[in-house]
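The structure appears below as structure tokens.
Values in this text are rule-based calculations from the coordinates and carry no lab data. Source: prediction; values computed, not measured. Glycine gets a Cβ as well: all are built from the backbone with ideal geometry, and neighbour counts include every protein chain shown.
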Amino acid sequence: VAEVRDRVIATVRPVIALAVEADVGAHAAAKLLDDRDAALAAAALGSILGGAVGNLTDRIVFQGEVIDFLEVHLTSSYTWPTFNVADIWICVGAIVLSLVFWREDVARATSEGEGASEEAEASDGVGA
């Protein structure tokens with residue numbers, strides 16, 4: 001019974017931490033990004049921070065250990081390394097945040113490219 005209780009606590013804790021940390025992520029993202037990507041980045045940062053807080057809490061509560069309890073058998077001979085819900089939040093948040101930054105870089109490069117071509121057209125028109 002205690003093991004089941006510990007697993008439930010380990011599962012729910014990162015979700016609660018995610019909700020608390022999302023506000024911090026929202027403020028950081030709003031300063032870093034345009035408004036269109038700020039909400040997505042805030043959710044990503046919140047999930048990373050929530051997962052980190054969940055794992056940190058495990059380390060504090062369980063004397064330096066993180067409880068990993070999800071096990072995926074990909075084939076009959078290979079099992080993916082065991083993980084927990086906090087690890088999922090961290091990975092998903094990192095992937096989403098990477099995509100947001102990539103999208104921001106593409107948008108910035110596109111706008112710089114358009115600006116350079118407009119300047120070239122303007123200078124061609126002036127010199128002619």
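Quick one: net charge of Val12's neighbours, Cβ under 14 Å, K/R +1, D/E -1? Don't skip to the answer; put the middle values down first.
Working: positive: Arg5, Arg7, Arg13; negative: Asp6, Asp58.
For residues surrounding Val12, the net value is +1.
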- Message: Please compute the length gained on full extension between Arg103 and Ile60, using 0.36 nm multiplied by the number of residues separating them and subtracting their Cα-Cα distance.
- Response: 11.8 nm
- Note on the structure: Here the stretch 50-57 yields Karplus 3J(HN,Hα) values (6.51, -1.76, 1.60; θ = phi - 60°; whole Hz; Gly and Pro given as x) of x, x, 5, 5, x, 5, 4, 4
- Message: 7 Å from Cα along Cα→Cβ at both Ile9 and Glu112: what's the point-to-point distance in nm?
- Response: 5.1 nm
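Tally Lys/Arg at +1 and Asp/Glu at -1 over every other residue whose Cβ is under 10 Å from the Cβ of Val66; what's the total?
Numbers: positive: Arg59; negative: Asp58, Glu65, Asp68, Asp87.
Around Val66, the charge tally is -3.
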